[in-house]
1. Looking at the range A:120-339 only, what percent of DSSP beta bridges run antiparallel? Nearest 5 please.
2. Looking at this model, which pairs from A:K67/A:K447; A:K194/A:K267; A:K199/A:K224; B:K45/B:K139; B:K57/B:K107 are more than 20 angstrom apart at the alpha-carbon?
3. Can you give the % of DSSP beta bridges in the range B:36-153 that are antiparallel, to the nearest 5?
4. Sequence neighbours fewer than 8 away in the same chain don't count; with that in mind, list the aspartates and glutamates whose C-alpha is under 18 Å from A:K181.
5. Among the aspartates and glutamates, select those whose C-alpha is under 18 Å from the C-alpha of A:K407, and discard any that sit fewer than 8 residues away in the same chain.
6. Starting at the first residue of the range A:143-151, write each ³J(HN,Hα) from the Karplus equation 6.51 cos²θ - 1.76 cosθ + 1.60 with θ = phi - 60°, in whole Hz, x for Gly and Pro.
7. For chain A, what does the helix formula give at 222 nm: sum of -39500 (n - 2.57) over DSSP H segments with n ≥ 4, over the residue count, nearest 500 deg cm²/dmol?
8. Restricting the count to DSSP beta bridges whose residues both fall in chain A, what percent are antiparallel, rounded to a multiple of 5?
Amino acid sequence: MIRSVRHLSTLRSTPRVAVVGAGPAGFYTAHRLLKLQPDTKIDLFESLPVPYGLARHGVAPDHPEVKNCQDTFDEVGNDPRVQFFGNVTVGDTLPVSKLRDNYNAVVLSYGTHTDRKLGIPGEDLPGVISARTFVNWYNGHPEHESLNPPLHKAETVTIVGNGNVALDIARILLSPLDHLKSTDITQQAYETLKTSKVKRVRIMARRGLLESAFTIKEIRELFKLPDTGFVAFPHTKWDDVLAAHKSYKRPLSRIVKLIEEYNLKAKQRDPAHASTLKQWSLDYLLSPKEVIANPDDPELVKTLIATENKLVSADGSGRIGVEPTGVTESFDTDLIFTSIGYASTPLEGIPFDDRKSVIPSSRGRVTDNGVYAAGWVKNGPTGVIATTMADSFDTAQAISDDITAGKLDGAKSGSDNLTQYLEDAISWDQWKKLEAHEHSQGDAAGKPREKVNNVAKMLEIARQ
Amino acid sequence: MLRTFSRQVLQVSRAVPRTFRPVAPATRLFQTSAPVFHGHVHKPKPGEEIKVTFITKDGEQIEVDTCEGDNLLDIAQANNLDMEGACGGSCACSTCHVIVDPEYYDKLEEPDDDENDMLDLAFGLTETSRLGCQVCMSKDLDGIRIALPAMTRNLQASDFN
Ligand SMILES: Cc1cc2nc3c(=O)[nH]c(=O)nc-3n(C[C@H](O)[C@H](O)[C@H](O)COP(=O)(O)OP(=O)(O)OC[C@H]3O[C@@H](n4cnc5c(N)ncnc54)[C@H](O)[C@@H]3O)c2cc1C
Ligand SMILES: NC(=O)c1ccc[n+]([C@@H]2O[C@H](COP(=O)([O-])OP(=O)(O)OC[C@H]3O[C@@H](n4cnc5c(N)ncnc54)[C@H](OP(=O)(O)O)[C@@H]3O)[C@@H](O)[C@H]2O)c1
Ligand code: FES
């Protein structure tokens, strides 16, 4: 019996798998699939000349340890069963239908490419900057190399949303420069931050403290920043939270305890000393309603008008929601960062759920004939790398099960049949050449790498 | 105690399709004969081995000899067990989450704030959860049993579409 199974599997042609997007989801799906189905050949298509997705262009420069996942990604990239094609945008340079024709399985792991919107008047003013744009800029994503945010004339900044991305932005704005100097933040961003006048950062959330989207490590980091002061909560609302907190589960009760500790410290701080610090606050139960332009400076805004909310649990889902109280408040602010989530975009011919902005799937299966999804484009723009990894392993398992069940049979030629679309592609070796350049530029400046943040330059160096 | 611990392990791995689910996990004791000492682990001197039994998500028990000072992530990886260490052991990702036999849990040094902060993000956190990269072997841990939770998340809404 065992013998005949072996015999069959040697007859079966090598499964060819295309992965669209070389971020954590693409790499972890490939990594797992190679373990589960060792005779698979995988082609990895990435729209930028450089791999790693948000592990390069999202994760904050002062969190280098998080980027160690790139070691595993490099193992995948170096594997002889894997071919990397950078600088190839699926749906543009390379039609997705060609992938479906030439591969046994196509994995869509292309992440997010745009922003969730607040949908309020004034949101499109230049002084309202999306988190994704700002993060891309300081992390050297070529799409936003020229953002140049006017930090040199902004004293007060409001960040809308209180997820970890909002906290990353707050930390970058509030950190002493020597925390950033030897990180891989771009030189350009570092020079701009040197001129920053930001003294007050408000982190505004539409729900309450117990619904905060940040996690404990990130809020602890903010509390611990030198030369900054947390602005204590006004008494009333805080007491309600304290009264309730004992009954919460471990992660939340640890967060509440931490905030309680630092809130107390903030209350006890000598006001004369407090006035010398950069200030930041957590503002709750506020939904932005309108942004008022600054008549004197089109690069800045003047006021954010927000509606006060109260918490409700009306929709039956168990999720705590909000209802406006009818009271509005005005906040003077020079810049606004909207950090309410990244968003995915559809790919022609592939099902897409516009409301959730994800590719709908069942454990990663988008169709029953070889199309799969993984990562943020499958689940929406939440989850840390560990979540994305676990999710990608699920998708890899689904592909492997389908290969084993013979659902994806058929001889396919993969990229061998696509050369006309891949003439400008960057290979893994070329990327490594570019990376060596980034490392050597970084060495000279005492940082891990100096990212090249322009596609033309990337291509030139990679092809030298 | 051994019994309840195994049961807890089975609960942890409920979400995983198991191809060869052992009837009685305790009977499937494997000794890895010649572990490959690659990476960051050391070969214990004869007579100084500290024994660790890993219980995989499939209920398999794998006993390995370890050296004082080595951490559970490195040990698991050196023995080709299914444990990712996405952040390379720097306490920044929670992918090395393990569940420690309650009998041994108190013998470990207490987790610090950094480890607790990351543990709060681990899937299926239990009372005796730890991060493998932060637990180093010492003599009094000889015989410790460590369960590797399934590296899958809970089902999500998108799974039912
Ligand atoms: C600002 C920020 C900071 C974060 N910090 C942390 C952190 O500190 N710790 C942590 O654990 N997690 C962090 N995360 C979460 C983590 O980055 C995500 O879980 C993970 O990157 C999602 O992976 P993905 O592969 O689904 O998407 P992505 O990382 O976005 O990868 C998608 C890839 O697809 C490519 N692509 C897009 N369109 C196409 C196309 N048409 N054709 C070919 N390729 C395409 C993109 O260029 C990109 O490389 C952070 C996220 C953000 C936004
Ligand atoms: N260091 C790290 O580990 C790290 C760093 C960065 C990012 N990440 C991860 O990456 C993921 C994405 O982070 P994120 O911060 O972009 O997303 P997030 O955690 O989902 O937070 C989004 C925030 O935007 C708010 N929001 C959404 N729509 C809104 C609207 N219409 N009006 C007002 N507020 C709105 C949310 O409020 P509601 O809760 O009320 O919806 C929430 O506060 C997260 O899983 C995060 O943990 C991790
Ligand atoms: S390997 Fe990342 S926390 Fe242990």
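Laboratory data are not the source of any read-out in this text; all were calculated from the coordinates shown. Just so you know, these numbers come straight off a predicted model, no measurement behind them.
1. Antiparallel bridges: around 45 percent, rounded to the nearest 5.
2. Violating the 20 Å limit, Cα to Cα: A:K194/A:K267; B:K57/B:K107.
3. If I count the DSSP bridges inside the range B:36-153, around 75 percent turn out antiparallel.
4. A:D62, A:E65, A:D168, A:E191, A:E221, A:D227, A:E438, A:D443, A:E450
5. Excluding near neighbours in sequence, the set is A:D39, A:D101, A:D368, A:D394.
6. These are the phi-based 3J(HN,Hα) values: 5, 10, 4, 9, 4, 6, x, x, 5 Hz.
7. -10500 deg cm²/dmol
8. 35
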